Amino acid sequence: MAVQRDAARLLTQRGIDTLMRGERGTLEAAMAKLYATEALGKVVDAAVQIHGGMGYMREAGIETTYRDARIVRIYEGTSEIQRNIIAGQLLKD
Ligand SMILES: Cc1cc2nc3c(=O)[nH]c(=O)nc-3n(C[C@H](O)[C@H](O)[C@H](O)COP(=O)(O)OP(=O)(O)OC[C@H]3O[C@@H](n4cnc5c(N)ncnc54)[C@H](O)[C@@H]3O)c2cc1C
């Protein structure tokens, strides 16, 4: 979980650095958004699993996070659209 969190942060920082250099950063932003949101899905799924039955119950609060984490793969460009952008950028190069 920590490795995925750190990898997401590093990809995000790369995107920020690219923008700060005045470059467009389309590829870097799409990679960061795709990776971070997919990683979040895996991490929060593991969090539910670690807590067993309580992880599934509303009282523990993890169930809410699990549901909230799902939307980030849909809004601000779905994962599929990010993949299309990444492929398009790589083919351009
Ligand atoms: C809680 C919430 C908040 C939102 N907030 C905002 C907001 O503030 N501003 C805003 O503008 N929108 C917002 N949205 C809308 C959100 O951006 C869209 O739901 C999202 O872009 C997906 O569009 P869609 O729902 O029409 O799905 P569709 O476009 O119908 O897509 C359905 C599925 O098909 C896939 N798909 C579609 N086209 C392709 C393609 N060319 N190649 C491969 N796969 C494809 C998608 O990835 C998805 O999995 C919000 C949605 C929700 C649920």
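Read-outs throughout are calculated quantities, based only on the coordinates presented, and are distinct from any laboratory measurement. Owing to the predicted nature of the structure, the values given are computational and were not obtained by experimental measurement. No Cβ is skipped: glycine too gets one built from the backbone with ideal geometry, and neighbour counts run over all protein chains shown.
Can you give the Rg to Rh ratio of the stretch 2-92, both from alpha-carbon atoms, with Rh computed by the Kirkwood formula? Ratio of gyration radius to Kirkwood radius: 1.08. For the chain, relative contact order (Cα pairs under 8 Å, six or more residues apart, normalised by length) works out to 28 percent. Legend: ranking of residues Ile81, Ile71 from fewest to most surrounding C-beta atoms inside 10 Å; resulting order Ile71, Ile81. Working note: Karplus 6.51/-1.76/1.60 with θ = phi - 60° gives the stretch 80-88 the couplings 5, 5, 4, 5, 4, 5, 4, 4, x Hz, where Gly and Pro are set to x.
How far is helix 26-50 tilted off the main Cα axis of the chain, in degrees rounded to 10, range 0 to 90? Compared with the principal axis, the helix lies near 10 degrees.
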